[in-house]
Amino acid sequence: MTTIADPMGFLLFTKGPLFNIAIAIFALGLAARLAEILLLGRRPNFAEPRAGEWLPGLRTVVTRTLPDPGTFKRAPFNVLTGLIWHVGFLVALLLFIPHIELIKGLFGVSWPGLPNPFVDLVTAVTLVALAATLVHRLTHPVKKRLSTIEDYLIWAVTFLVVLTGYLAYNRLINPYPLALGLHILTAELFLILLPFTKLTHIFTVFIARWYNGASFGRRGVQS
Amino acid sequence: MTTTKHRVGEHLRDQGVSRRAFLKFCTASASLMALPPGLIPAMAAALEQARRPSVIWLSFQECTGCTESLTRSHAPTVEDLILEMISLDYHHTLQAAAGEAAEAAREQAMKDNFGKYLLIVDGSLPGPDANPGYSTIAGVSNYAMLMEAVEGAAAVIAVGTCAAFGGLPEAAPNPTGAVAVMDLIKNKPLVNVSGCPPVPMVITGVLAHYLAFGRLPERDAYHRPLAFFGQSIHDRCYRRPFYDKGLFAETFDDEGARAGWCLYRLGCKGPSTYNACATMRWNAGTSWPIEAGHPCLGCSEPRFWDAGSFYAPLSVPTDLSSSRILTAGAAGALVGGTVATLARRTVATAATSRQPVTADELEQTL
Amino acid sequence: MSALSSIPVRVQSVSHGTANCGNAVPILHEVRHALERLIATGEGTQIDLNAIPFGPEDEAHLLAVLGVGEVRATIDALGPTHVQETAIPGVWLIDYRITEDQRLALHLDIGDIPEILRTQRQDLDTALTTLDARLTRAQGGAQFES
Ligand code: HEM
Ligand code: SF4
Ligand code: SF4
């Protein structure tokens, strides 16, 4: 049956078998990537360490996460919109009550959520910021040339997940099972693509930030 | 059940129904179907002149809850009136006749009103490929009886979620091979009045519409009448302001439950369920499930028995298993580990088998 | 009403029902247009209040603004129907109920007199026969209940 003729069937498919497939691919892919990265490690460094690794490592985790003034001056747009939509995305994903219920169902852990209207506002801001990043990418002479198909692909899934969530919550697609099914479908696409694209950075970014600082620290360079 | 008067108007007058009562009925039906009040006079005129249709009601794999729903209201009601407007020629629970006399009445009505009778079905039935022995009436399989009865029907009304979508008999693993009426009937006007059971006024509303306008009402993708199924429970729920503010009951007896907050976290399927409960309510308007403090089960939607726990929130997938995720993760770690080990081995063998090369040797290979 | 109304669920939803406010005012404007039409052309209008997403406060507000007028009548056909002229002449409130007090419909009728109050032509058909029958019985000395 097509989705228009059987919206409930579509929703149950995305909530049932498809979700299981997506979450399995996600878990398998992510564990494989992380195991590979961590086990592979780095070439042994036989030089005498000049200083500790841990502290500088942790320092870069923090410093590279906070916007630094120099970069901000050079590219205020990138820093600001980037920050806004990342925060918005995480708020919608982790502090929206239906999502918390999902995480509770999956892992048994839960935490307090934010009121729906607040998450909705954050979502609207996130959508605008995400749209702005695309416009910027398409118009900025250097960024445009640096962008690959993959960049556009992951922008599209990210945007679509948030957009369909917004459309579902605000009842802008009818019937609702179709709207929610589309949202869950795009979220599943996101999950499936995550381990195999740049989206993996969600899980590797802090490892990488730590590693940078640690290797500087070892060499006695300021991180 | 037997009467000589064929026009609705005459018949009602014979039954002692006053003109005012009739007008009131028309007003209630129009309001029910969200028709503008300006249409009431025309509707009354059409109903007056309408012929009382012969109705054949077939009950297959069902629990009789739908018939209970229709007849469980106290007189004098709109439901009673509508039953006066039709000529219910066969309904094996309600009719006085039984056995061969009942089957003979059905065949007679089908013959006399060929092409004009209304066929109402409650219950699902074993499909053409299933064992017909799971459900028979007077030795005739449900499938054969339906197909025979549908031949001469002007329109088909599937009453209840079982007839409309398969319902409980069709729930996994569907031992009887049950199918919905709409899976079998493609060439007749068909309306699904889903619900487990359906709101009684919705059944009568559809009948009133058919009588007044001579055709079935506007329907949605599932052939449900839009006047009753056009909006979700959630969109008409009086607890909606709490949802919009993010105030949820988390157990059945916490502060939130007592204060009447939204039941989303307790598994309410109101957002994805289309039905008229929120406005028409149950038991002669006394209350309805959400008002009584229980989440909506989604009973008017296809496959609601198989849509996961009634008490799991709508956002939770139907068949969760953390062990599956752990297994997938472990398999992934294994794959990653193998890849890493292989890579290390390649590097190591490359290192051991490395042959020093001089600049001269290199030059020669060029 | 039953004991149900004592459950705090309902009370709270009324006091928190802000999402359902503000629907009364447009209806009052619609009533105004209908009154103008009635005055100009004599044409009446019916407004089905069930068809409008009303919160409990909306209905109370609407009825408070319209007020209570001179005429009040109850029709006993298929359960009670309460007819009430509001403080605005020509604006009638008709509450159609069934015996269990369930509301079937709630209409505003803008006109000289609601149709359902009038004697119906169709019922007149039986008027003479009923009266004749009663006359005959009265001559026979029978007692009447209604
Ligand atoms: C990458 C993952 C996801 C992201 C970023 C995401 C984001 C969002 C956003 C932004 C909204 C709209 C919030 C609002 O406007 O108030 C939303 C709504 C929703 N999401 Fe997700 N979502 C994700 C995954 C999922 C998954 C996997 C499910 C369920 C299986 C889910 C279930 C829902 C539901 C049920 C709603 C709407 C609730 C309603 O209609 O009121 N989401 N999501
Ligand atoms: S109780 Fe159910 S239908 Fe009502 S607002 Fe909450 S989720 Fe929606
Ligand atoms: S509230 Fe939901 S489950 Fe209950 S009768 Fe209505 S549609 Fe069915």
**Q.** Neighbours by Cβ (under 9 Å, 6+ apart or cross-chain): first from the range B:159-170, not assigned by TED's automatic domain parsing to the domain that holds B:GLY298 and of a type in the set (Asp, Glu); second assigned to a helix (DSSP H, G or I) and surrounded by 24 or more Cβ atoms within 10 Å (Cβ to Cβ)
**A.** B:GLU170/B:CYS162
(Q) I need the full set of residues from the range B:302-328 which are in contact with a Leu (Cβ under 7 Å, 6 or more places away or on another chain) and small (Gly, Ala, Ser), in order please. (A) B:ALA307, B:SER315, B:SER322, B:ALA328
(Q) Could you list, ordered by first residue, the pairs with Cβ atoms under 7 Å in which the first is in the range B:286-299 and closer than 17 Å to B:TYR274 by Cα and the second is assigned to a strand (DSSP E or B) and within 9 Å of ligand 3 (Cβ to nearest atom), at least 6 apart or interchain? (A) B:TRP288/B:TRP282
**Q.** From A:GLY70, A:GLY41, A:GLY9, residue being under 30 Å from B:PRO313 (Cα atoms) and either facing another protein chain (nearest Cβ under 10 Å) or of a type outside the set (Ser, Thr, Tyr) (or both)
**A.** A:GLY9
Q) Which members of the range B:234-271 meet the condition of being open to solvent by 40 Å² or more (accessible area, probe 1.4 Å) and within 15 Å of ligand 3 (Cβ to nearest atom)? A) B:ASP235, B:ARG236, B:TYR238, B:ARG240
Q: Could you grab me the full set of residues in the range B:218-245 that are part of a helix (DSSP H, G or I) and within 9 Å of another protein chain (Cβ to nearest Cβ)?
A: B:HIS234, B:ASP235, B:ARG236, B:ARG240, B:PRO241, B:PHE242, B:TYR243, B:ASP244, B:LYS245
Q. Within the range B:250-352, which helices (runs of 4 or more DSSP H) (wholly inside it) include 2 or more residues that are facing another protein chain (nearest Cβ under 7 Å) and over 15 Å from B:ARG240 (Cα atoms)?
A. B:322-352
Q.
Given the criterion within 16 Å of ligand 2 (Cβ to nearest atom), more than 10 Å from every other protein chain (Cβ to nearest Cβ) and touching a helix residue (DSSP H, G or I) at 6+ places or on another chain (Cβ under 9 Å), identify the matching residue among B:VAL179, B:VAL199, B:VAL191.
A. B:VAL199
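Listed residues C:GLY44, C:GLY79; which is more than 27 Å from B:ARG281 (Cβ to Cβ) and modelled with pLDDT under 95? Break it down into steps so the answer makes sense when it comes.
On the way: C:GLY79 fails: more than 27 Å from B:ARG281 (Cβ to Cβ).
Within the list C:GLY44, C:GLY79, the selection yields C:GLY44.
Can you go through A:ARG171, A:ARG219 and tell me which one is surrounded by fewer than 17 Cβ atoms within 10 Å (Cβ to Cβ) and either closer than 30 Å to A:PRO7 by Cα or hydroxyl-bearing (Ser, Thr, Tyr) (or both)? First the steps, then the outcome.
Values: A:ARG219 fails: either closer than 30 Å to A:PRO7 by Cα or hydroxyl-bearing (Ser, Thr, Tyr) (or both).
Of the residues listed, the single one that is surrounded by fewer than 17 Cβ atoms within 10 Å (Cβ to Cβ) and either closer than 30 Å to A:PRO7 by Cα or hydroxyl-bearing (Ser, Thr, Tyr) (or both) is A:ARG171.
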(Q) If I ask for residues that are surrounded by 20 or more Cβ atoms within 10 Å (Cβ to Cβ) and acidic (Asp, Glu), which ones from the range B:300-353 would you list? (A) B:GLU301
Q. Do we have A:GLY217 as in contact with a Lys or Arg (Cβ under 6 Å, 6 or more places away or on another chain), assigned to a helix (DSSP H, G or I) and within 23 Å of A:LEU38 (Cβ to Cβ) here?
A. no
**Q.** Residue in the range C:47-67 that is modelled with the highest pLDDT, counting only those that are part of a loop (DSSP other than H, G, I, E, B) and crowded, with 18+ Cβ neighbours inside 10 Å
**A.** C:PHE54
(Q) So the check is Cβ under 9 Å with 6+ separation or different chains; which pairs have a first residue in the range B:132-148 that's without any contact (Cβ under 8 Å) to a residue 60 or more places away in the chain and a second one that's among the aromatic types (Phe, Trp, Tyr) and open to solvent by 70 Å² or more (accessible area, probe 1.4 Å)? (A) B:PRO132/B:TYR143; B:SER141/B:TYR134
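In the range B:198-208, is there at least one residue being assigned to a loop (DSSP other than H, G, I, E, B) and at positive phi?
The initial filter retains those residues of the range B:198-208 that are assigned to a loop (DSSP other than H, G, I, E, B), namely B:198-199.
Narrowing the set further to residues that are at positive phi leaves none.
Within the range B:198-208, none of the residues are assigned to a loop (DSSP other than H, G, I, E, B) and at positive phi.
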Q.
Considering only residues that are at pLDDT below 90 and at positive phi, which ones fall in the range B:266-286?
A. B:ARG281, B:ASN283, B:ALA284, B:GLY285
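The values are calculated or read from the model by the stated rules, or taken from the named source; none is laboratory data. Being a predicted model, the structure only gives us computed values, none of them experimental. Heads up, the Cβs are rebuilt from the backbone with ideal geometry, glycines too, and the neighbour counts pull from every protein chain shown. In case anyone asks, the SASA skips ligands and DNA or RNA and just uses the protein heavy atoms, side chains included. Shrake-Rupley method; radii C 1.70, N 1.55, O 1.52, S 1.80 Å.
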